[in-house]
1. Taking the conditions exactly as written (of a type in the set (Asp, Glu), more than 15 Å from residue 28 (Cβ to Cβ) and surrounded by 15 or more Cβ atoms within 10 Å (Cβ to Cβ)), does residue 116 satisfy them or not?
2. Can you run down the residue pairs with Cβ atoms below 8 Å, 6 or more apart or on separate chains, where the first is in the stretch 127-140 and over 16 Å from residue 154 (Cβ atoms) and the partner is part of a loop (DSSP other than H, G, I, E, B) and not small (Gly, Ala, Ser)?
3. Can you tell me which condition residue 1 does not meet? The list is (1) surrounded by fewer than 18 Cβ atoms within 10 Å (Cβ to Cβ); (2) at pLDDT below 90; (3) farther than 30 Å from residue 174 by Cβ, and all the others hold.
4. Part of a helix (DSSP H, G or I), within 23 Å of residue 8 (Cα to Cα), modelled with pLDDT of 75 or more and of a type outside the set (Val, Ile, Thr), is that true of residue 160?
5. Determine if the stretch 123-138 includes at least one residue that is hydrophobic (A, V, I, L, M, F, W, C), under 20 Å from residue 8 (Cβ atoms), out of contact with any helix residue (DSSP H, G or I) (no Cβ under 8 Å at 6 or more places or on another chain) and buried (at least 19 other Cβ atoms within 10 Å of the Cβ).
6. Scan (1) outside any strand (DSSP E or B); (2) touching a strand residue (DSSP E or B) at 6+ places or on another chain (Cβ under 6 Å) for the single condition residue 130 breaks and write down its number.
Amino acid sequence: MADKRYSVFISSTFEDLKEERQAVQDSVIRSGDFPVQMETFPAADEDQFAFIQSLIDKCDYYVLIVAGRYGSIDDDGISYTEKEYRYAITRDIPVLALVHGDRGSIPAGKSEASQEGKVRLAAFISDIEKNRLRKTWTSCEQLKLAVREALDHAKATKPAVGWVRGDTIASVKILEELNEVRKENVKYLETIGSFLI
């Protein structure tokens with residue numbers, strides 16, 4: 001069997017979770033997979049969300065990290081993070097939700113300042129929690145472990161297409177073709193053998 005690698009979209013607010021995003025990226029890379037995240041987006045003459053959708057479409061798994069902020073809001077009044085989450089669900093991409101377990105301990109500078117933002121964040125988390133299992137975390141180390149466990153579980157229970165090296169595929173294909181030739185050869189020998197009796 002070919003050694004598969006998976007593309008994993010990492011979604012979260014940005015400024016407040018730089019360290020956590022790096023921890024998740026490291027965990028994805030250590031598991032042998034490919035992180036896809038905003039830090040690597042190119043400059044492009046495209047609509048931002050259309051570009052994000054095209055990347056999510058190509059990913060095998062979607063990791064959502066939620067802490068103290070709801071995030072930058074698009075023209076439709078929904079944060080990009082929530083839009084990404086909703087889009088991944090519509091595409092049936094397995095969503096691995098990781099929610100901060102003690103939002104009261106998050107520093108004020110990394111939390112929603114407005115009441116409206118707090119209400120939106122609470123509603124978003126409520127939506128996440130009612131639709132799927134999620135894991136909580138309070139430190140980068142816990143987050144790394146949670147991501148690794150969630151990815152391992154998703155790979156075992158919701159296998160995705162993934163990626164394999166081109167030279168590996170060629171070898172597998174050749175072995176399959178050789179096996180078909182072997183089967184035909186057995187049939188041929190059986191047929192010839194019946195004429196010789």
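The values are calculated or read from the model by the stated rules, or taken from the named source; none is laboratory data. Since this is a predicted model, take the numbers as computed values, not measurements. No Cβ is skipped: glycine too gets one built from the backbone with ideal geometry, and neighbour counts run over all protein chains shown.
1. When the stated conditions are applied, residue 116 does not pass them.
2. Hits for this filter: 138/102.
3. (3)
4. Numbers: part of a helix (DSSP H, G or I): no; within 23 Å of residue 8 (Cα to Cα): yes; modelled with pLDDT of 75 or more: yes; of a type outside the set (Val, Ile, Thr): yes.
No, not satisfied.
5. So far as the stretch 123-138 goes, no, none of its residues is hydrophobic (A, V, I, L, M, F, W, C), under 20 Å from residue 8 (Cβ atoms), out of contact with any helix residue (DSSP H, G or I) (no Cβ under 8 Å at 6 or more places or on another chain) and buried (at least 19 other Cβ atoms within 10 Å of the Cβ).
6. Evaluating residue 130 over (1) outside any strand (DSSP E or B); (2) touching a strand residue (DSSP E or B) at 6+ places or on another chain (Cβ under 6 Å) leaves (2) as the failure.
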